[in-house]
Amino acid sequence: MKYFFIVIAVIMSAIFAFNAQLDVAGFRTGEVYPLAAKQGATQTLVSDRDYDQRSWVRARLEAACPTTLLLGSSTIGTMSAAMIGGSNVLNAWLTGPTVEDLEAVAQMLQVNDCRPARIIVGIDPFFVNPKVTSNRWRTVKDFQRGFVGAGATSGWLADTKSGWLRFTDRLAYQTTRDGVRLLAKGASRAVGPRLVRDLTTFCAKTDHPQSVRHIDGHFSYCPGWLKPVAEVEAIAATYVQRDVHKTRSWTRLSNARLARISGVLGKLQDRGAHLVLVTPTVHPLTYAALRADAHIAALLDQLDAALSALASRRGFAFVAVRDPNTIGCTTGQFFDSHHPAPMCARLLAAKISQAVVPAPAPARGQ
């Protein structure tokens, strides 16, 4: 029995060391903040592993205050400044955002005295699904604490949870699997964030998907990374079946989260922003799967009713475009089940732009 535990300990230690070296999860990403701060108009931030998107957003907001700000998840992440219109647009989408992220970004704006004239907020169903949780926001926990009050979360407890998250990730099956895949491609370590000037050359030399974030915040895929339409349709059709974003196990709306979202949006409005709430567009087959489940369809209707009521009460614009048919997006215009490709993103941006007040307000200060 003693030898059994010794073997297990050796194996676990080897896995931990392997994952720590490759760093697929991107925990060693302190370099993203200075990179984002100096990213120029002709430069693109790329990375073959996940990195702290929140540090990117923080750096860009500190570098310049946008006239138009987009908040939400990657479901609105493919909309570029050119699509929205205007030269001072920042798409501040985040990976796996939560209500805490919205609170943190609101505090960033407060601290920097940044007052965007227009703020477009994409509200995905997972924002109010109690089954969906994330620790990503802890990289901006100081801003979130500043928004809700310093005593809301114990600092040592938050740091302990963050450390535990890193430890468990380095022993996780998914992390190990992704690391082995990188190793099979000849990588001795995952390559972190870096700036490139010639995206065309980068795409020609890179045969596997990476994170690509442009100066205005939107992300894109290189042509060689695109999946065949049939594969995308298969992914989209099984969205609910695979329980993506905990959709299949979704039981109720979190009224507490809805109240916190309302509070964040109210404070942004009080600072002079024109608010536009958006229900991001999904693939036609994904939408059909969502509506085919009576329970999920009812929850979506409840969410839309709640957002519509909030918008009406506070004077926000509300753009309900989860159904791709409302803006004319078709099956060939998505990267996967819920990320619009450029053609659909342009249609989405055009619909949103109709609800955006054209006259800008002062961006920073009064």
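Every read-out reported here was derived from the displayed coordinates using simple, explicitly stated rules and does not represent laboratory data. Not measured: the values here are computed from a predicted model. Cβ atoms come from the backbone with ideal geometry, glycine included; neighbour counts cover every protein chain shown.
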27 Å Cα-Cα threshold exceeded, pairs from K38/K227; K141/K267; K141/K227; K38/K351; K141/K351; K38/K205:
K38/K227; K141/K227; K38/K351; K141/K351
Counting other C-beta atoms within 10 Å, which of M79, M12, M108 has the fewest, and how do the rest follow?
M12, M108, M79
